[in-house]
Amino acid sequence: KCMKIVGIIAEYNPFHKGHEFHLEKAKKITGADAAIIIMSGDYVQRGIPSIMPKHLRTQMALACGADVVLELPVCYATGSAEYFATGAVSLLEALGCVGYLCFGSECGEIKLLQQIADVLCKEPAHYKVLLQKHFKNGNTFPAARKLAFIEYLNQHKSLSCIPEQISAILDSPNNILGIEYLKALSCLNSSIEPVTITREGAGYHDQTLGALFSSASALRQGLQDCELTKNANHTPAINHILRELPQNCHKIFKENYHKCFPVFADDFSLLLKAKLLTETKDTLTRYLDITPEIANRIITFRNNFLTFSQFCDLIKTKNVTYSRISRCLIHILLGISKCDVPEQAADSRCGYARLLGFRQESSWVLTSIKKNTGIPVISKLSQSAGIDIHMLEQNIFASDLYESVVTDKYHTPYKNEYQKQIIRLKS
């Protein structure tokens, strides 16, 4: 029998029932025997630290049906949707054994998302002109892209859908990310077959707990609310969080709560402020995503810095979103420069595959990866000779910094990246 493998790109920040549903359905609709997860490490695409350390999120994913979890390098994990997608897809492609990529979307129609992706991948000259026009009119990039695309569609009649459909699709976060996955697959001429599952339950940004498949945003907000209660043992306060997690995650959550999580952006405030004090307008523009205008605002308002989140609110503008500013600040803190990612996202390549964990019964997946991949698979950092050393060193520094914040916050022993073990889930 030829074993089938489905790839899933995720943050699991934190892992919840909706993720478990997606994992189960991804295997079912593709007929896959195993799922490989490409997961953000200790920092995520919104430009914030993950609420739980990567090894803990790996443990939860494996307990709920993932077979192998690989880490997406931090320069891609904290990048724009385009870089996040192309970094992750290029890693899946490099493994050489993945047959499908399954992602959630509000749209649920792969053909429609593919039509949009095809136009955006080619970026016709007329579309680029329209994009610049709407951006110069003071729109954020996502808003400018939507307006440009609808105007282009009206003039060229190149798609089989109406502008109202396009507007709804490009207003939805999972659709946007799904389109970026499809663009990346096209640019890489990948043979991986894309499949989408309709997102069910709460919306991506929904902050309400208790809905069917409450969102990760709601869970993070719930954890933040728990911190504000200052309850002596927090047990009553976290019960409503536990109800949103798969049963297999409850023990992991309770054993690690207030030992290594939750972690918030504001826990990095002093580190960020110290870093900003060493920068100038000129040095800031070396970092990924930072324009001269953003650099100027950072320096102008630097003396008003109080916390990470407050500074994001202070620096954002009508056409530069909070998330964009947050990514900029994370890139400054972690030293991620424009040189660390290719100018063209389609040229993105991961120089290695870092193993975070696997199910022992699925060790055949690792065998398949090692047999088919053209890149090094790192299971031990001490055996990482011959790989993209800068990308790996950057990742190690980022995770060591995260660990430093965790140990300072919870007064736990410090473990650097070399001391951390791969998660092996026994049958």
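Is one or more of the residues making up the range 244-258 more than 15 Å from Ile332 (Cβ to Cβ), of a type in the set (S, T, N, Q) and open to solvent by less than 70 Å² (accessible area, probe 1.4 Å)? Yes, there is a match, as at least one residue in the range 244-258 is more than 15 Å from Ile332 (Cβ to Cβ), of a type in the set (S, T, N, Q) and open to solvent by less than 70 Å² (accessible area, probe 1.4 Å). For Ile8, the criteria (1) of a type outside the set (D, E, K, R); (2) in contact with a strand residue (DSSP E or B) (Cβ under 9 Å, 6 or more places away or on another chain); (3) open to solvent by 10 Å² or more (accessible area, probe 1.4 Å) hold in every case but one, which is (3). Of the helices (runs of 4 or more DSSP H) lying entirely inside the range 72-142, the ones with 2 or more residues being touching a strand residue (DSSP E or B) at 6+ places or on another chain (Cβ under 9 Å) and at pLDDT 95 or above are found at 74-77, 81-95. Kindly check whether there is at least one residue in the range 150-165 that is of a type in the set (A, V, I, L, M), assigned to a helix (DSSP H, G or I) and modelled with pLDDT of 85 or more. No; the residues of the range 150-165 include none that is of a type in the set (A, V, I, L, M), assigned to a helix (DSSP H, G or I) and modelled with pLDDT of 85 or more. Consider Tyr402 carefully, then state whether it is open to solvent by less than 60 Å² (accessible area, probe 1.4 Å) and among the aromatic types (Phe, Trp, Tyr). Judged against the criteria, Tyr402 is a match. Quick one: Ile290 ticks every box in (1) modelled with pLDDT of 95 or more; (2) open to solvent by 40 Å² or more (accessible area, probe 1.4 Å); (3) not in a helix (DSSP H, G or I) bar one, so which box is it? Just one mismatch for Ile290, condition (2). Here is a check on your reading of the model: is Ser326 crowded, with 16+ Cβ neighbours inside 10 Å and more than 30 Å from Leu147 (Cβ to Cβ)? In short, no.
With respect to the conditions (1) within 18 Å of Leu245 (Cβ to Cβ); (2) open to solvent by less than 20 Å² (accessible area, probe 1.4 Å); (3) touching a strand residue (DSSP E or B) at 6+ places or on another chain (Cβ under 7 Å); (4) part of a helix (DSSP H, G or I), Met60 lacks only one, and its number is (3).
Count of the range 26-57 residues, restricted to those that are open to solvent by 10 Å² or more (accessible area, probe 1.4 Å), assigned to a loop (DSSP other than H, G, I, E, B) and either within 18 Å of His16 (Cβ to Cβ) or out of contact with any Phe, Trp or Tyr (no Cβ under 7 Å at 6 or more places or on another chain) (or both), is 5.
The values are calculated or read from the model by the stated rules, or taken from the named source; none is laboratory data. On a predicted model such as this, the values are computed, not experimentally measured, just so you know. Every residue, glycine among them, receives a Cβ derived from its backbone with ideal geometry; neighbour counts consider all protein chains shown. The accessibility values were calculated without ligands, DNA or RNA, using every heavy atom of the protein model including side chains. Shrake-Rupley method; radii C 1.70, N 1.55, O 1.52, S 1.80 Å.
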